[in-house]
Amino acid sequence: MFADSARIADMDEITETTLPVFATYVYYRSLQAVPSLIRAWWEGCKNRQLSMAVASFTSRHFSPVLIAAELAHLRDPNDPAGKALRDNEDFTVKVTTGANEVKAVFIIDEQAMEIGIRLPAEFPLQGVEVKDVRKVGVTDAQWRAWLLAVQQVITTQVRLLRYREADLLN
């Protein structure tokens with residue numbers, strides 16, 4: 001979707017016909033570049049009808065594309081960020097595309113601890129869901145604190161993982 005930025009760049013003027021295309025493109029790029037700002041606006045929106053319309057429009061037209069791109073980014077053997085996650089000695093990352101989920105397995109004292117990170121259907125309007133899969137050797141309170149910390153860090157990221165500053169220039 002919108003991979004061809006030239007179509008937008010070739011617009012000589014904004015007309016009644018081109019304005020919706022341009023607005024949609026700007027919204028899509030905003031979801032890529034600053035999802036936390038879009039989420040903050042959406043969460044603070046007092047107009048329930050507008051909020052529901054934005055959520056419906058986003059989850060129908062943009063979320064599947066953004067989720068697929070995020071997961072593909074993590075699976076891409078040539079992507080530096082994905083490669084860094086996969087080649088890490090401290091943990092292993094498993095991507096489950098069908099469930100829109102990423103699992104991280106940490107080895108501590110020769111025992112595996114695992115968390116799951118699920119991208120909801122309304123992503124990025126809704127933050128990721130972090131759930132415990134398997135914990136070993138930590139108290140419940142410490143484990144919940146770690147899960148909450150992971151969720152907060154991921155949710156408050158200013159940009160999506162796969163978004164690169166060079167993309168903004170295209």
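The values are calculated or read from the model by the stated rules, or taken from the named source; none is laboratory data. Note that the structure is a prediction, hence the values are computed from the model and not measured. The area values use the complete protein model at the heavy-atom level, side chains included, leaving out ligands, DNA and RNA. Shrake-Rupley method; radii C 1.70, N 1.55, O 1.52, S 1.80 Å.
Ranking R29, R48, R60, R118 by solvent-accessible area of protein heavy atoms (1.4 Å probe, all protein chains present), from largest to smallest, gives R48, R60, R118, R29. The string of couplings for segment 67-72 from the Karplus curve (6.51, -1.76, 1.60, θ = phi - 60°) is 5, 4, 5, 4, 5, 5 Hz, one whole number per residue in order, with x for Gly and Pro. Using equal-weight Cα scatterers in the Debye expression, the normalised intensity of segment 100-142 in log10 at q = 0.21, 0.34, 0.35 Å⁻¹ is -0.70, -1.14, -1.17.
With all protein chains in place and ligands, DNA and RNA left out, the 1.4 Å accessible area ranks H73, H61 as H61, H73, largest first.
The alpha carbon centroids of segment 74-144 and segment 35-52 are separated by 28 Å.
Among the protein heavy atoms, those of V34 account for about 40 Å² of accessible surface (1.4 Å probe, every chain in place). Once the Cα-Cα distance is subtracted from the 0.36 nm per residue extended length, the Y27 to V153 segment shows a gain of 43.0 nm.
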